[in-house]
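A short write-up of the structure that comes next.
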């Protein structure tokens with residue numbers, strides 16, 4: 001359903017994990033909505049055993065993503 005990438009958020013000088021909805025699912029409205037709900041749920045959670053959520057959205061080229069804390 002998605003891929004996870006390790007990335008550098010240059011503005012804040014931190015390593016993050018970026019979850020990107022698979023390109024074949026981007027055009028499927030149901031999957032986009034499910035991915036959006038996941039982002040909303042993560043944004044409402046705060047617990048020491050859950051990754052810290054940073055943001056979710058859609059890139060300028062239509063890629064849906066969730067940015068979160070990176071754990072090695």
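Every read-out reported here was derived from the displayed coordinates using simple, explicitly stated rules and does not represent laboratory data. The shown structure was predicted, so the numbers you read here are calculated from the model rather than taken from an experiment.
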Over the chain, relative contact order from alpha-carbon pairs under 8 Å, at least 6 apart, %: 32 percent
222 nm mean residue ellipticity, helices alone, for the chain (DSSP H n ≥ 4; -39,500 (n - 2.57); rounded to 500): -7000 deg cm²/dmol
Tilt relative to the chain, helix 29-43 - C-alpha long axis, 0 to 90 degrees, to 10: 20 degrees
The chain - Rg over Rh from alpha carbon coordinates, Kirkwood radius: 0.97
